[in-house]
Amino acid sequence: MDYREFYRDIAYDRDWDYIKPYVHEEVRIDTGIKHKRITGLGENKEIYVPEWAKGKVQAHADHFLTSIEQEIEEHGDQCYPPYLMVTPFDAELFGHWWFEGPEWIGQVLAKGEKRIQFITPQSYINRHFRDFETGHVSFATWGRDGYGHVWVNEKNQYLYRHHQRMEMDLATMVALISHPSVLEERALKQMVREWMLAVSSDWAFIIDGDSAVQYAEERFSTHLSRFDAIKTKLINGDVSENWLTTVENEFPFLKAVDHNIFLSPHDFYVQSRESEEDKRNEKRSILMLSWEFPPMMVGGLSRHVFDLSRAMVNLGHEVHVLTSHVDGYPDYEINQGVHVHRVRGLQPHSDQFFDWVGSLNLAMVQYMNKFARKHDFDVIHAHDWLVGVAATALKRSLQIPLLATIHATEHGRNNGIHSELQYEINQKEWELTYEADRVIVCSDYMEKELSTIFSLSKDKLSIIPNGVDFELIKPKSVSRHIETNEAFTIFSVGRMVREKGYQTVIDAASILKERNMKIRFVIAGKGPMLETYQQQVRDRQLESHITFLGFISDEERNEWFYRCDATIFPSLYEPFGIVALEGLASGKATIVSDTGGLAGIIRHEENGVKFYPGDEMSLVSQVLYLYNHPILREALATEGLNDVRTRFDWGTIATETEKQIEKCLGEELELTI
């Protein structure tokens with residue numbers, strides 16, 4: 001066999017005269033030094049050769065992996081949920097009964113890394129929980145006569161009433177001492193250790209086997225009495241440092257213990273509410289700057305600031321948004337808890353966009369310097385370069401930290417800097433990131449872009465994704481203005497600019513028309529390229545396969561999300577892609593170009609599909625994939641929806657933003673070694 005023999009210890013194999021000087025009290029005990037290997041059922045064992053054992057480990061790891069691959073070849077065609085093989089192990093064998101066990105499992109993982117996809121049961125359940133049926137396992141199938149009789153019988157059954165009482169006591173003590181001192185927390189952790197040692201299945205096993213009954217009963221009673229002693233001292237408030245240290249050292253076991261696992265759902269809720277109240281008592285006053293805010297919605301920035309500001313209010317902070325004037329809307333209002341200040345630029349009708357932006361920033365500074373005389377702010381949060389001048393000026397005049405979120409860059413939008421205007425915008429972006437105390441970006445792609453273009457240190461950057469509010473994309477009613485169409489419908493919404501990639505969709509629609517496919521694209525949004533795209537559709541006679549709607553209301557957008565069969569976002573450049581999240585949140589299979597932040601949101605053929613940016617043939621291939629596989633299309637939609645709910649929740653995003661604000665304020669000092 002070549003593996004090390006467990007029982008043959010040198011203390012028993014060598015003569016007594018040899019071993020006597022090395023043992024205590026002249027009693028043979030296990031030394032852990034074992035020189036024999038498994039070589040049959042008899043008493044004669046050969047010398048252990050580590051190199052041979054290592055060879056067996058390699059061979060057995062290969063055999064295990066090959067067996068898995070053979071099983072997958074026979075049964076792995078199950079498509080959804082993906083085929084899963086479970087490999088449970090009795091962990092106590094590894095390194096103990098089976099000395100080479102840890103090395104074997106290490107080789108299985110190393111050799112199988114490129115051959116097999118490993119996943120934990122918890123991760124698998126999180127991905128596919130909607131597709132499972134509930135199963136109920138029996139009490140125990142391992143044990144004497146196929147039942148758990150070894151561990152529960154007339155000899156040892158008395159143990160379990162004490163186990164249950166200890167668990168109830170633990171739950172009570174953890175709930176009662178919800179804000180323990182350092183010493184009380186140590187005592188609670190030691191109660192958990194005593195409970196774990198008392199409920200060990202070894203005691204029931206030993207008592208059943210009549211092998212060392214007195215020892216097992218004494219160990220159980222010892223830990224039970226120690227548990228009760230700690231509980232009594234905690235209740236009476238007389239736990240001493242010296243006494244507790246002695247208790248801890250008598251049976252050293254598990255340094256890291258989480259006693260809060262004994263909190264009941266109700267107690268956890270109560271404590272979390274108390275924690276939330278504490279946070280609310282430490283609320284911040286946040287000044288957000290954004291050139292657009294509802295009802296002005298030119299791009300995704302407006303919706304981001306709207307959703308984030310409301311989420312920050314829900315955390316207990318006071319949020320003021322300073323934005324540009326919109327005709328017909330008040331200069332000041334409180335919108336869902338957010339204080340909205342709208343100011344008119346000093347040149348509101350300027351034909352030069354750069355001049356218009358500059359005059360808006362001057363107006364913002366003048367307004368806020370006056371307002372700040374009667375209201376104190378803790379931090380400024382600026383969104384994109386268009387408010388960068390105002391943000392920098394207010395940082396100095398108000399003497400408070402500046403947090404900046406960069407949603408996109410001029411360099412990225414244009415694949416470089418090619419004009420004087422682009423250069424000026426690029427400079428303003430750099431100035432904002434330079435002046436900011438911390439910078440937030442929405443994706444790994446954007447982090448890399450800012451690090452490269454502006455030479456920003458990654459220590460200054462934090463990645464916080466965009467989110468989606470499910471309530472804002474639910475259709476409130478069924479409109480009669482949207483016609484019913486039998487064609488397979490793919491919907492998109494975005495700005496009509498080159499970088500959004502809608503030219504690729506037009507070219508793909510032409511190919512699908514040539515193939516006589518009943519597939520149409522419906523695209524909503526306004527922008528400088530809208531009329532050009534609409535004219536192309538007419539010139540190429542693609543009216544039955546692609547429609548550019550122009551501007552539509554939020555309610556119409558929501559209904560198109562509801563009615564379509566799939567969604568598409570074909571950007572050539574996209575720092576994040578909040579509209580892609582809305583497509584996933586609407587419960588529809590989503591197609592995106594494999595670029596920027598979109599590439600990080602969609603995992604190909606897991607929660608959506610990707611195509612090569614600007615490649616109409618690649619797009620056609622993915623459209624036909626969804627069209628021809630309705631079951632897989634629904635599976636992708638389900639996984640995408642689950643992703644949005646777990647990864648892109650605005651509450652989580654607000655909490656992460658809160659952490660960055662606290663870092664700006666210097667309340668979280670990070671040590672770099």
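The values are calculated or read from the model by the stated rules, or taken from the named source; none is laboratory data. Being a predicted model, the structure only gives us computed values, none of them experimental. Positions of Cβ are backbone-derived with ideal geometry, glycine not excepted, and every protein chain shown enters the neighbour counts.
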Among the residues in the range 593-604, are any at pLDDT 90 or above and more than 25 Å from SER451 (Cα to Cα)?
yes
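Residues checked against (1) in a strand (DSSP E or B); (2) surrounded by fewer than 19 Cβ atoms within 10 Å (Cβ to Cβ); (3) under 31 Å from the mean Cα position of the chain (by Cα):
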{"position": "GLN366", "(1), (2), (3)": "no, yes, no"}
{"position": "ASN369", "(1), (2), (3)": "no, yes, no"}
{"position": "ASP376", "(1), (2), (3)": "no, yes, no"}
{"position": "ALA382", "(1), (2), (3)": "yes, no, yes"}
{"position": "VAL389", "(1), (2), (3)": "no, no, no"}
{"position": "THR392", "(1), (2), (3)": "no, no, no"}
{"position": "ARG396", "(1), (2), (3)": "no, yes, no"}
{"position": "ILE400", "(1), (2), (3)": "no, no, no"}
{"position": "LEU403", "(1), (2), (3)": "yes, no, yes"}
Exactly one of these conditions fails for SER359: (1) assigned to a strand (DSSP E or B); (2) surrounded by 15 or more Cβ atoms within 10 Å (Cβ to Cβ). Give me its number.
(1)
Is one or more of the residues making up the range 407-428 in contact with a strand residue (DSSP E or B) (Cβ under 7 Å, 6 or more places away or on another chain), among the aliphatic types (A, V, I, L, M) and assigned by TED's automatic domain parsing to the domain that holds PHE377?
no
Could you tell me whether the range 503-523 includes any residue that is over 37 Å from the mean Cα position of the chain (by Cα), assigned to a loop (DSSP other than H, G, I, E, B) and either under 30 Å from SER451 (Cα atoms) or of a type in the set (Gly, Ala, Ser) (or both)?
no
Residue within the range 623-634 that is farther than 25 Å from LYS518 by Cβ and without any contact (Cβ under 8 Å) to a residue 60 or more places away in the chain present
no
Failed item in (1) over 40 Å from the mean Cα position of the chain (by Cα); (2) farther than 21 Å from VAL389 by Cβ, with SER359 passing the rest
(2)
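If you check SER462, SER457, SER477, SER451, which single one turns out to be among the small types (Gly, Ala, Ser), in contact with a helix residue (DSSP H, G or I) (Cβ under 9 Å, 6 or more places away or on another chain) and either modelled with pLDDT of 90 or more or not in a loop (DSSP other than H, G, I, E, B) (or both)?
Numbers: SER457 fails: either modelled with pLDDT of 90 or more or not in a loop (DSSP other than H, G, I, E, B) (or both); SER477 fails: either modelled with pLDDT of 90 or more or not in a loop (DSSP other than H, G, I, E, B) (or both); SER451 fails: in contact with a helix residue (DSSP H, G or I) (Cβ under 9 Å, 6 or more places away or on another chain).
Of SER462, SER457, SER477, SER451, the one residue that is among the small types (Gly, Ala, Ser), in contact with a helix residue (DSSP H, G or I) (Cβ under 9 Å, 6 or more places away or on another chain) and either modelled with pLDDT of 90 or more or not in a loop (DSSP other than H, G, I, E, B) (or both) is SER462.
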When residues of the range 249-271 are filtered for being more than 18 Å from ILE177 (Cβ to Cβ) and assigned to a helix (DSSP H, G or I), how many remain?
3
For the range 172-185, state whether one or more residues are buried (at least 20 other Cβ atoms within 10 Å of the Cβ), under 21 Å from HIS259 (Cα atoms) and assigned by TED's automatic domain parsing to the domain that holds THR245.
yes
Contact list, first residue from the range 583-596 and outside the structural domain of GLU449 (by TED's automatic domain parsing), second anywhere and β-branched (Val, Ile, Thr) and part of a loop (DSSP other than H, G, I, E, B), beta-carbon distance below 9 Å, six or more apart or interchain, is LEU584/VAL468; LEU584/ILE602; ALA585/VAL468; THR590/ILE602; ILE591/ILE602; VAL592/ILE602; ASP594/ILE602
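Considering GLU582, GLU556, which residue is out of contact with any Pro (no Cβ under 8 Å at 6 or more places or on another chain) and more than 17 Å from VAL644 (Cβ to Cβ)?
Details: GLU582 fails: more than 17 Å from VAL644 (Cβ to Cβ).
Among GLU582, GLU556, only GLU556 is out of contact with any Pro (no Cβ under 8 Å at 6 or more places or on another chain) and more than 17 Å from VAL644 (Cβ to Cβ).
Quick check on GLY583: is it crowded, with 22+ Cβ neighbours inside 10 Å and within 30 Å of the chain's Cα centre (by Cα)?
Details: crowded, with 22+ Cβ neighbours inside 10 Å: yes; within 30 Å of the chain's Cα centre (by Cα): yes.
Here the answer is yes, as GLY583 does meet what is asked.
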Can you name the residue in the range 530-551 that is among the hydrophobic types (A, V, I, L, M, F, W, C) and part of a loop (DSSP other than H, G, I, E, B) and, of all such residues, is surrounded by the fewest Cβ atoms within 10 Å (Cβ to Cβ)?
PHE551
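Taking into account only those residues within the range 405-441 that are in a loop (DSSP other than H, G, I, E, B) and out of contact with any helix residue (DSSP H, G or I) (no Cβ under 7 Å at 6 or more places or on another chain), which is nearest to SER302 (Cα to Cα)?
The qualifying residue nearest to SER302 (Cα to Cα) is ALA408.
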